[in-house]
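A short write-up of the structure that comes next.
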4 protein chains.
Amino acid sequence: MARTIDPAKHEARRLVIIDAALTCFAATGYAGTSTAAICRQAGIGSGTFFHYFPTKQSLLLAILAYGTEETRDWFAARADDEDPLAVVVAYLDHTAEEMSDPRMAGFVRAVSAVMGEPDVEAALALDTRVLEDGLEPWIARAQAAGQVRTDLSARDLTAWMLVVLDGFLGRVAVDTDFTAEGQRDTLRDVVRRVLSR
Amino acid sequence: MARTIDPAKHEARRLVIIDAALTCFAATGYAGTSTAAICRQAGIGSGTFFHYFPTKQSLLLAILAYGTEETRDWFAARADDEDPLAVVVAYLDHTAEEMSDPRMAGFVRAVSAVMGEPDVEAALALDTRVLEDGLEPWIARAQAAGQVRTDLSARDLTAWMLVVLDGFLGRVAVDTDFTAEGQRDTLRDVVRRVLSR
Amino acid sequence: MARTIDPAKHEARRLVIIDAALTCFAATGYAGTSTAAICRQAGIGSGTFFHYFPTKQSLLLAILAYGTEETRDWFAARADDEDPLAVVVAYLDHTAEEMSDPRMAGFVRAVSAVMGEPDVEAALALDTRVLEDGLEPWIARAQAAGQVRTDLSARDLTAWMLVVLDGFLGRVAVDTDFTAEGQRDTLRDVVRRVLSR
Amino acid sequence: MARTIDPAKHEARRLVIIDAALTCFAATGYAGTSTAAICRQAGIGSGTFFHYFPTKQSLLLAILAYGTEETRDWFAARADDEDPLAVVVAYLDHTAEEMSDPRMAGFVRAVSAVMGEPDVEAALALDTRVLEDGLEPWIARAQAAGQVRTDLSARDLTAWMLVVLDGFLGRVAVDTDFTAEGQRDTLRDVVRRVLSR
DNA sequence: CATGAATGAGTCTTCATTCAT
DNA sequence: AATGAATGAAGACTCATTCAT
């Protein structure tokens, strides 16, 4: 009767819970989502939930870590690219695409409001850090290649790129006439304007 | 006689509570702030709180209405200005100045994540509406005057200005190296780039 | 400027509060009525309320005492009557008449639910006592005069009269088709049947 | 497997809570009873309470529904009886017996004073309705059989039976010398007198 | 492993009462 | 006397988390 643990099944169920949480957090916010609601959405019992995640917060951290990892992977895959500016623009497209999952925008809003929780702030800081660390070298290389302005530091330019990107995501979340797909070209144009010499 | 109400004193205490709430919401978010915490911060008893605001949510709505009114006033005061682009830039400066209260950025984050509360969503929608209605005519006039590009509609340009502005506010809230004052000139530059023909 | 207390004015205002309380208690019950609601109904400030009654409960006790006193007076006025059974029937009519104030029925229900408050229970017990002490001698006299049955004690007959009376009041409070006026004759008939030999 | 629910155990605990509530409501009234008091009496935590009943009011409604159901069952079981008056008298005995649980009388008082709660009023109205619908046909049949007076309508006679019954219950609650058992015979006699031609 | 019953700390809110004006 | 602002104890209810089955 050796009831062996099936890691694949375990991971699959973990993802079901994460997916359910994404839906709930996006719809009602982090604090506004009860673990009971997540369980309902995931089709599991409350006891099961805590088999997979020791706390509600740990689930949020897992989701964040998941996103951070994805960002890391995305930049790792471009390690050998040649055209710096093209990588930057590709990241914009990638982000716009991710936002085509309509839950993402709500999730971003929801997460940004979890304040005063050191672990969450740390996870968000790490996420930002990874993104900056992924982006800044390409910006610096683009500066060296004469593709972008040099009157601002690479760090500042990166920060302003993220300003535009975060503003874009927030707008998509709030303004139903402002869609990620419809504005993708303008997004590229705006970023080029911000970076150009 | 026996007119006990001193309207000035009443209003003053109202503002003390609003100020305390601003501090708390900015630090721990709306849901993460208990009315007890606000009372502690304001130095009042729990009963007094509900003497001034019937619910926790009504306090939030009062703050939002306050901000909306300020925006309305700001644009009303510029009704007779001549240079459209100058008004737009002045609004950027005004916003950056408001953000010099370090709590404002956190408050914006906190509020933007109150989801599922129809009254709050309505108040936020109104706030956005008032801002758009204030800004868009000036952008349109700037287009007519040949000061800004015309390949995008005034509405789209307004939306993109708000993208930059909201992104800017979010960044200030998150990145301690990125201050409203230090980046004010770059903010102006970025917006000019986005708008220029 | 000798601001002398005007006892008449004081008493008048006391009665205004009592009347307001009667209305409120009848409509929403004792616990369901806030002192604020009574003040609103009476057109006074909350501070004034506590000038006239030290506690909410003391107001209830005052009303009860008022009713008890009225009962006492009613029987005192009949002290020299000749026909015992006529007095009993007259009391039934008197009660039915009091119930034509539609608030009375609700008030009776409201008061009967204030349980566990020793002072209120004592006041209610006294009220019952005064009524029993008023009624029982007449019943006993009616027995002696051969007007009513003697197979039950005067005490028991009195208790059963109150059973009918209280049941009558409760029914009036609950059944809108069952009015004090419309059923007055039947009330007399029923009591006669209960008492007759 | 993993079917944790033991319906019997669940129902048993539900009854423990209902029993505790009956005790508390009878002693201190509905409004005067805190959910905490019920939990203490039932030996459960506050969370458990709301696991079984979503609100304090729903518990009251459950108890009322329980009583209504019992009344319905009682009359359903007599559907084929022959002697109408005997059924009526049997119901009196049945009620007197129920009142031998000394809490019942207090509970009736407590409940009759829950005012302004539409759901409770509806439940009480239904309870009354079921009782009337159970009783009135038997009274009408007794009239047809010449067992009771016909100068009043069956509806009025039913109302007056309930007057006596409610008055009886109220008296039992208030007068410690007046017990349900001791007065059972007189109750029968009084009702016969009210109904007789 | 999976479940859901049980828990109690914590939340928002109400309200009788006090007191300075 | 009259007022209403201020208070804090108490109440109903929520929810993340634990644990026996």
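The values are calculated or read from the model by the stated rules, or taken from the named source; none is laboratory data. Worth saying up front: this structure is predicted, and the values here are computed from it rather than measured. Backbone-built Cβ (ideal geometry, glycine too); neighbour counts: all protein chains shown. Heads up: the accessible areas ignore ligands, DNA and RNA and are worked out on the full protein's heavy atoms, side chains in. Shrake-Rupley method; radii C 1.70, N 1.55, O 1.52, S 1.80 Å.
Values computed for the structure shown
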{"read-out": "Single condition B:Thr71 does not satisfy, out of (1) more than 16 Å from DNA strand E (Cβ to nearest atom); (2) within 14 Å of another protein chain (Cβ to nearest Cβ)", "value": "(2)"}
{"read-out": "Filter pass, C:Leu64 being at pLDDT 95 or above, open to solvent by 10 Å² or more (accessible area, probe 1.4 Å) and in contact with a Leu (Cβ under 8 Å, 6 or more places away or on another chain)", "value": "yes"}
{"read-out": "Enumeration of residues in the range A:102-119 that are surrounded by fewer than 18 Cβ atoms within 10 Å (Cβ to Cβ) and part of a helix (DSSP H, G or I)", "value": "A:Pro102, A:Arg103, A:Pro118, A:Asp119"}
{"read-out": "Residues that are of a type in the set (Val, Ile, Thr) and either open to solvent by 70 Å² or more (accessible area, probe 1.4 Å) or near DNA strand E (Cβ under 9 Å from one of its atoms) (or both), drawn from the range C:29-46", "value": "C:Thr33, C:Thr35, C:Ile38"}
{"read-out": "Check on B:Asp93, modelled with pLDDT under 95, assigned to a helix (DSSP H, G or I) and away from chain A (no Cβ under 14 Å)", "value": "yes"}
{"read-out": "Sole residue being within 30 Å of A:Thr33 (Cβ to Cβ), surrounded by fewer than 22 Cβ atoms within 10 Å (Cβ to Cβ) and not hydroxyl-bearing (Ser, Thr, Tyr), chosen from A:Asp156, A:Asp133, A:Asp127, A:Asp151", "value": "A:Asp127"}
{"read-out": "Residue list for the range D:12-39, filter: over 15 Å from D:Val108 (Cα atoms) and either of a type in the set (Phe, Trp, Tyr) or more than 11 Å from DNA strand F (Cβ to nearest atom) (or both)", "value": "D:Ala12, D:Arg13, D:Arg14, D:Leu15, D:Val16, D:Ile17, D:Ala20"}
{"read-out": "Qualifying residue in the range A:125-142 (condition: at the interface with chain B (Cβ under 10 Å from one of its Cβ atoms) and more than 19 Å from the chain's Cα centre (by Cα))", "value": "no"}
{"read-out": "Residues satisfying the stated conditions in the range B:169-182, i.e. open to solvent by less than 20 Å² (accessible area, probe 1.4 Å) and free of Cβ contacts under 8 Å to residues at least 24 places away in the same chain", "value": "B:Arg171, B:Asp175, B:Phe178"}
{"read-out": "Residue list for the range D:156-172, filter: of a type outside the set (A, V, I, L, M, F, W, C) and modelled with pLDDT of 95 or more", "value": "D:Asp156, D:Thr158"}
{"read-out": "Checking B:Ala86 against (1) over 21 Å from B:Leu135 (Cβ atoms); (2) away from DNA strand E (no atom under 16 Å from the Cβ); (3) open to solvent by 40 Å² or more (accessible area, probe 1.4 Å), the condition it does not meet", "value": "(1)"}
{"read-out": "Helices (runs of 4 or more DSSP H) (entirely within the range D:1-83) containing at least 1 residues that are in contact (Cβ under 8 Å) with a residue 60 or more places away in the chain", "value": "D:7-28, D:56-77"}
{"read-out": "Residue match in the range B:164-182 (condition: more than 9 Å from chain A (Cβ to nearest Cβ) and either under 13 Å from A:Phe168 (Cβ atoms) or in contact with a Gly (Cβ under 6 Å, 6 or more places away or on another chain) (or both))", "value": "no"}
{"read-out": "Residue match in the range D:102-118 (condition: within 23 Å of C:Ala180 (Cα to Cα) and among the acidic types (Asp, Glu))", "value": "no"}
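Each row is one residue, and each column tells you yes or no for (1) open to solvent by 70 Å² or more (accessible area, probe 1.4 Å); (2) away from every other protein chain (no Cβ under 14 Å); (3) of a type outside the set (S, T, N, Q); (4) more than 10 Å from DNA strand E (Cβ to nearest atom).
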position	(1), (2), (3), (4)
A:Lys9	yes, yes, yes, no
A:Ile17	no, yes, yes, yes
A:Ala20	no, yes, yes, yes
A:Thr48	no, no, no, no
A:Gln57	no, no, no, yes
